[in-house]
Amino acid sequence: MVVLASVYSVNSVSLVVVESFSLGRRVPSALGPVLLLDLRCQLLFPHWGFEGVTGRDEELVRETLALPGVFTVVERTVEAALVLAPLNTGRDVPTRVLVGCRSGRRRSVVLAEVIAASIIGRGREAVVKHHHLHGTVTGSE
């Protein structure tokens, strides 16, 4: 799994900030250029065996990435972010991708990391921020 530093660009490269969060808690500010990916009813998997773990757990990452349609969701999100990013570069405003799930600790964390890694793999700058990674984990997401 890729863990990315949370820093902003100091050059003219388009910057995308990918943020994981809990849709059951306060949604991060949606001011400025924002894409919102709501995973509450998408990419679901059984949670038995995953109680108390987060999207940093290797087995959970493997299970999440094995879900049908996950790479289609990632690809479409990356494409949309890369279309928006150049429009905001001159204003020094990052394009934000908000990835939310129920707890903000599992699927959203995995998808945020994969989306950012895909953006970086395309030669663009991206950073990840996890808003609720260290909150309380519920039995089901």
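The values are calculated or read from the model by the stated rules, or taken from the named source; none is laboratory data. Treat the numbers as computed from the prediction; the structure is a model and nothing was measured. Don't worry about glycine lacking a Cβ; one is built from the backbone with ideal geometry, like all the others, and counts go over all protein chains shown. Surface areas here come from the heavy atoms of the whole protein model, side chains and all, with no ligands, DNA or RNA. Shrake-Rupley method; radii C 1.70, N 1.55, O 1.52, S 1.80 Å.
For the criterion of being modelled with pLDDT under 85, closer than 15 Å to Arg106 by Cα and surrounded by 10 or more Cβ atoms within 10 Å (Cβ to Cβ), Val53 passes. Among the residues of region 1-49, just one is within 18 Å of Glu63 (Cβ to Cβ), at pLDDT 75 or above, open to solvent by less than 30 Å² (accessible area, probe 1.4 Å) and outside any strand (DSSP E or B), namely Leu39. Within region 61-101, track down each residue that is within 12 Å of Leu37 (Cβ to Cβ) and either surrounded by 15 or more Cβ atoms within 10 Å (Cβ to Cβ) or in contact with a Gly (Cβ under 6 Å, 6 or more places away or on another chain) (or both). Listed by number, the residues that qualify are Val70, Val73, Val74, Thr77, Val78, Ala81, Arg96, Val97, Leu98, Val99, Gly100, Cys101.
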